[in-house]
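Here is the structure we will look at.
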Amino acid sequence: MKRTTKALTILSLGILAVIFTFNFLIARLDDQAAPEFTLIALDGTEVTLTDFEGKVLFLNFWATWCPPCRQEIPGFLEIYDKYKDKGMEILGVSLDRQGTDVVKAFAKKMKISYSLAMANNEIMQAYQPGQYIPATIIIDREGNIHNKHVGYMEKTQVEKMFLELK
């Protein structure tokens, strides 16, 4: 009986430590100034954080081969079309290693209307999206990181996060 109680106590403390650490890391993201970046868009032009000044930016790390990434794109497109004139921007940062031709063909097929660029080491180190994609970092109009979401996002989640920062 004492072993079970001791094991449960240790397990409970471990769970609390994980929850505290997770909440601490998420809290560190809130209101932290978003790091500047320079990426190359699919059309060959440079894209920087400054280009999105005064807008709510969804910085979406994704890849053409990723099923949840592909699944969330239609919802992103719908919400983007609805709110792009109200200050919403999406920058899809592709992690595809096959190059821009693969991403361009996929973007054309999916009729992606928001900005797309290829990831580089600078943005990966600055934003640390993690080992799982999709990962979306939401940056508010003042240029601060508001939230980080790892995994598939329903269009209702995207809309809710935008409206919170509108």
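The values are calculated or read from the model by the stated rules, or taken from the named source; none is laboratory data. Quantities reported herein were computed from a predicted structural model and do not represent experimental measurements. Don't worry about glycine lacking a Cβ; one is built from the backbone with ideal geometry, like all the others, and counts go over all protein chains shown.
Quick grid of which residues meet (1) more than 22 Å from Thr50 (Cα to Cα); (2) without any contact (Cβ under 8 Å) to a residue 24 or more places away in the chain; (3) surrounded by 18 or more Cβ atoms within 10 Å (Cβ to Cβ):
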position	(1), (2), (3)
Ala105	yes, yes, no
Leu116	no, no, yes
Ala126	no, no, no
Ile138	no, no, yes
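Which one is surrounded by the most Cβ atoms within 10 Å (Cβ to Cβ) among residues in the stretch 49-64 that are of a type outside the set (S, T, N, Q) and part of a loop (DSSP other than H, G, I, E, B)? Only one residue fits best here, namely Ala63. Scanning the stretch 85-104 turns up no residue that is under 12 Å from the mean Cα position of the chain (by Cα), under 25 Å from Glu36 (Cβ atoms) and basic (Lys, Arg).
Taken over the stretch 117-156, the residue count meeting the criterion of being of a type in the set (D, E, K, R), within 13 Å of Leu57 (Cα to Cα) and in contact with a Pro (Cβ under 9 Å, 6 or more places away or on another chain) is 1.
Only helices (runs of 4 or more DSSP H) whose full extent lies in the stretch 86-166 are considered here, and the ones with at least 2 residues that are touching a Lys or Arg at 6+ places or on another chain (Cβ under 9 Å) are 100-110, 155-165. In the stretch 71-94, the residues that are closer than 15 Å to Ser115 by Cβ and surrounded by fewer than 14 Cβ atoms within 10 Å (Cβ to Cβ) form Cβ pairs under 9 Å with partners that are at pLDDT 95 or above and not charged (D, E, K, R), at six or more places apart or across chains, as follows: Asp81/Ser113. I'm trying to understand the selection: among the residues of the stretch 140-156, which are surrounded by 15 or more Cβ atoms within 10 Å (Cβ to Cβ) and either out of contact with any strand residue (DSSP E or B) (no Cβ under 7 Å at 6 or more places or on another chain) or not assigned by TED's automatic domain parsing to the domain that holds Gly75 (or both)? Scanning the stretch 140-156 gives Tyr152, Lys155. Does the stretch 124-143 include one or more residues that are of a type outside the set (Gly, Ala, Ser), in contact with a Gly (Cβ under 6 Å, 6 or more places away or on another chain) and closer than 20 Å to Met161 by Cβ? Looking through the stretch 124-143, at least one residue is of a type outside the set (Gly, Ala, Ser), in contact with a Gly (Cβ under 6 Å, 6 or more places away or on another chain) and closer than 20 Å to Met161 by Cβ.
Among the residues of the stretch 56-89, the ones that are aromatic (Phe, Trp, Tyr) and in contact with a Cys (Cβ under 9 Å, 6 or more places away or on another chain) come to 2 in all.
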